[in-house]
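The values are calculated or read from the model by the stated rules, or taken from the named source; none is laboratory data. As the structure is a computational prediction, the values presented were derived from the model and not from experiment. Cβ sites come from the backbone with ideal geometry, for glycine too, and all protein chains shown count toward neighbours.
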């Protein structure tokens, strides 16, 4: 057999044949499969296989025909057999068609072999190395947090033992003037579902009536409509504005003797930060000592101030007292259960560790910086939900003003304030036993917008505050290093990127490149440790841990995208979409059962990013199940189905009218 020409074109079917032949017969060594070391050998093997198969079939057919012709002894039969042989050898499809098909597949295969060894393999190895390094950073932090929280629990360290705290009592001589003046701010924007709950809870706080001011900051713009019958047909009729409803509620409480102020703006500049800042600049606020911020869906207990204010009153170095969140709708759907798992770990582990080691953390859980000059514990941490909305905390107004008050340069104004106040030397304390009821977003649309804001904002703040932290003269270089590296870089950038890139891109890609191997400790042990350490925050949801892993990987797609938007200051960097609320979920469920299921446009139900990622993972799983031997396909199929479920919006609930 003559050697094939180097420009011989071979089809995709021939390419697969060569691979199977080389892997089973051992004729071609591994290095012979890499272009361009021995491409002619691949052609030769392929041609040899086809040629040998053709010769065997031809000899068998000739033998059968010869035997039949000999038995019949007639030349007519031999002529018929010859015609049949000629007919069978005639191609059914034009040669030009087959040639075109084989040429395209051959070019694709040739390009793959050309770029695989010099480009794909080195790049994939670098990606694996970087992802493993980032994974080590994360697991080291998780182990540290677990060790510290265990130490704290064993020693029984509580805020009342660390900081001075005494219950407040009446002074017969001073009367109510012995109590500090407290301002309660409630910023809201089109919160028609929950405004009554939040205003009612704030007005119900137990505190001397002449020493507390309730300030409602309303930026609402939505109209209020009701369904009425117009003739024989129902229609929505405009009956007012959301601002009118909120103002009426404030007037109702004012008529009961509550010192409540209703403030509106003619613009929405700065969003929430702008409203809070303008509210702090009003004349009657100058007499206040502390300020409490509650978002529109938060409902504090009446004794909230009696538990928090004494810490600030007796400890002059404390700038913030932070309460824990309690979720009123955590059992509403699987989406809210997933959020509860992440937030519970944050509050029960991260916040507790930060507060108990004389640390500072961000208002509402945005920032948890752990550095303790006495015990030499120092660390940053942050919730796996990436951030929360600044609320349920009591600020010392002097600390707030010294830090520069509220700024609207990012969408995480609370984190911005916490970082600046921390760099000024103020400390914060977290009260794990003091819980404030609030609502988790139960629709995927609302949760996606919230996660975009909580991931984009910190990355953007990192970019804007980098030089400000470097040039700060009041903190040591060790603290600067931990602010920049541990908190911002590791927790705000690496945590998102490694979750998506490693588990949803790099690991699936290795099934196509067997030359790149991921060690078992990086692919199995580290993710397992991180998962188990997160599960301790919510023991009742331990059976949902697999669903939580898959869902967090799906959400890492949006968090990674939002992180790069913040770092690059892209178009959506300052996007602020208020999280939709449902209010009284029990009443809503009863109403939703009686009402027809709302129609949702197909465009709102289909998310192309999730579907595209799911298709990629599914293809990788199919390839690994067919040709691989590392059993990645089990994870790949599960993760692909998770992306498909979210891609078609079959997660969470639907909010009527949203």
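Within this structure, residue 515 passes the test of being outside any helix (DSSP H, G or I) and either modelled with pLDDT of 90 or more or under 27 Å from residue 616 (Cα atoms) (or both).
Taking the numbered list (1) under 26 Å from residue 450 (Cβ atoms); (2) touching a residue at least 60 places away in the same chain (Cβ under 8 Å); (3) part of a helix (DSSP H, G or I) in turn, residue 549 passes all entries but (2). Checked against the criterion of being within 19 Å of residue 177 (Cα to Cα), surrounded by 13 or more Cβ atoms within 10 Å (Cβ to Cβ) and either in contact with a helix residue (DSSP H, G or I) (Cβ under 9 Å, 6 or more places away or on another chain) or in the same structural domain as residue 581 (by TED's automatic domain parsing) (or both), the candidates 290, 271, 262 yield just one match: 290. For region 589-640, the set of residues classified as part of a loop (DSSP other than H, G, I, E, B) and at pLDDT 65 or above consists of 606, 607, 628, 629, 630, 631, 632, listed by residue number. Go through (1) at pLDDT 75 or above; (2) over 30 Å from residue 534 (Cβ atoms); (3) touching a helix residue (DSSP H, G or I) at 6+ places or on another chain (Cβ under 9 Å); (4) surrounded by 13 or more Cβ atoms within 10 Å (Cβ to Cβ) for residue 81 and report which single condition fails. The one condition residue 81 does not meet is (1).
When the residues of region 133-156 are filtered to those that are without any contact (Cβ under 8 Å) to a residue 12 or more places away in the chain and farther than 16 Å from residue 532 by Cα, the one that is surrounded by the most Cβ atoms within 10 Å (Cβ to Cβ) is 151.
Contact annotation: residue pairs with Cβ atoms under 7 Å, 6 or more positions apart or on different chains, pairing a residue in region 514-540 that is buried (at least 18 other Cβ atoms within 10 Å of the Cβ) with a partner that is modelled with pLDDT under 85 and not in a helix (DSSP H, G or I), are 534/384.
In region 181-207, how many residues are in a loop (DSSP other than H, G, I, E, B) and under 15 Å from residue 259 (Cβ atoms)?
Summing the residues that are in a loop (DSSP other than H, G, I, E, B) and under 15 Å from residue 259 (Cβ atoms) in region 181-207 gives 5.
When you check residue 246 against the structure, is it at pLDDT 90 or above, surrounded by 20 or more Cβ atoms within 10 Å (Cβ to Cβ) and not assigned by TED's automatic domain parsing to the domain that holds residue 401, yes or no?
The answer is yes for residue 246.
For the residues 430, 487, 481, 466, the requirement of being modelled with pLDDT under 90 and surrounded by fewer than 18 Cβ atoms within 10 Å (Cβ to Cβ) singles out 481.
Go through 439, 402 for me and flag whichever is at pLDDT 90 or above, crowded, with 23+ Cβ neighbours inside 10 Å and either in the same structural domain as residue 297 (by TED's automatic domain parsing) or touching a strand residue (DSSP E or B) at 6+ places or on another chain (Cβ under 9 Å) (or both).
439
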